[in-house]
Amino acid sequence: MAALPYYQLAASTRDGQAVLILGNVDGVREDWYGNNHVVVFLEHGQLTGTAGLLQNLDGLRQPANNPFTRGLQHLSVPTEYTYTVDWSPGYRYGVPVKARFIPAGSAQLEILGQVHGVLRIDEELDAPAAGWHATNHYWVDPADGFVWKSVQQIAPGLPITLLQLHPYRGQSS
């Protein structure tokens, strides 16, 4: 897979797994496409939307002090912030989510036979209005904050694991 000329992202949920191909970059938003009209939207490694799944993250609105924009590699102490999500089906829109990032130390991550030294960041999520609590995990490059791997919540009870196989790292790629 690494020899293919396309940027590739492995994605897996409890319903299956697929390799997604980068189809569009609009500013910092990356659109990753898979079979059956499935699309995953990422910004700075954070899942900001999905389409074509049984449950979808229709939108995620970050505050101005978004830790992903600054770079998760800069987190050295627990950091809190709040954002808003929209989920479907069920018309669950404008749900406030309190998030708390916790630096969890260094780790080694092997992807297609190559070892990457990374920082693990855990993100505790709490959405009392939806009766939902979860934890996301990110494995980031300590040099630039690039998210090599993550386990993020699409919607309550539906995590997705994302792994960069042939990563897009901006214009320098």
Worksheet item: Restricting the search to segment 120-163, which residues are of a type in the set (A, V, I, L, M, F, W, C), in a loop (DSSP other than H, G, I, E, B) and either under 15 Å from Pro67 (Cα atoms) or touching a strand residue (DSSP E or B) at 6+ places or on another chain (Cβ under 6 Å) (or both)?
Response: Phe146
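Within the group Leu119, Leu75, which residue is surrounded by 16 or more Cβ atoms within 10 Å (Cβ to Cβ), at pLDDT below 95 and more than 25 Å from Leu158 (Cβ to Cβ)? Spell out how you get there, then give the answer.
Numbers: Leu119 fails: at pLDDT below 95.
Unique residue meeting the criteria: Leu75.
Identify, from the list Leu42, Leu125, Leu57, the residue that is out of contact with any Asp or Glu (no Cβ under 6 Å at 6 or more places or on another chain) and crowded, with 19+ Cβ neighbours inside 10 Å.
On the way: Leu42 fails: out of contact with any Asp or Glu (no Cβ under 6 Å at 6 or more places or on another chain); Leu125 fails: crowded, with 19+ Cβ neighbours inside 10 Å.
From the options Leu42, Leu125, Leu57, the qualifying one is Leu57.
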Worksheet entry | In segment 82-112, residue nearest to the chain's Cα centre (by Cα) [restricted to those that are surrounded by fewer than 17 Cβ atoms within 10 Å (Cβ to Cβ) and aromatic (Phe, Trp, Tyr)] | Tyr93
Practice prompt. Please verify whether segment 91-109 includes one or more residues that are within 20 Å of Gln17 (Cβ to Cβ) and modelled with pLDDT of 95 or more.
Written response: yes
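Listed here are the residues, each with its yes/no results for (1) without any contact (Cβ under 8 Å) to a residue 24 or more places away in the chain; (2) among the hydroxyl-bearing types (Ser, Thr, Tyr); (3) touching a Leu at 6+ places or on another chain (Cβ under 6 Å).
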position: Leu20; (1), (2), (3): yes, no, yes
position: Leu54; (1), (2), (3): no, no, no
position: Val77; (1), (2), (3): no, no, no
position: Glu80; (1), (2), (3): yes, no, no
Worksheet entry | Tabulated pairs, segment 147-158, first in contact (Cβ under 8 Å) with a residue 40 or more places away in the chain, second not in a strand (DSSP E or B), C-beta under 7 angstrom, 6+ apart or interchain | Val147/Gly45; Ser150/Gly45; Ile154/Leu53; Ile154/Gln55; Ala155/Gln55; Pro156/Ala130; Leu158/Gln55
Fill in: Breaking point among (1) of a type in the set (Gly, Ala, Ser); (2) under 24 Å from Ala11 (Cβ atoms); (3) out of contact with any Gly (no Cβ under 6 Å at 6 or more places or on another chain), for Ser106
(2)
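The values are calculated or read from the model by the stated rules, or taken from the named source; none is laboratory data. Values in this document were obtained by computation on a predicted structure and should not be read as measured data. Don't worry about glycine lacking a Cβ; one is built from the backbone with ideal geometry, like all the others, and counts go over all protein chains shown.
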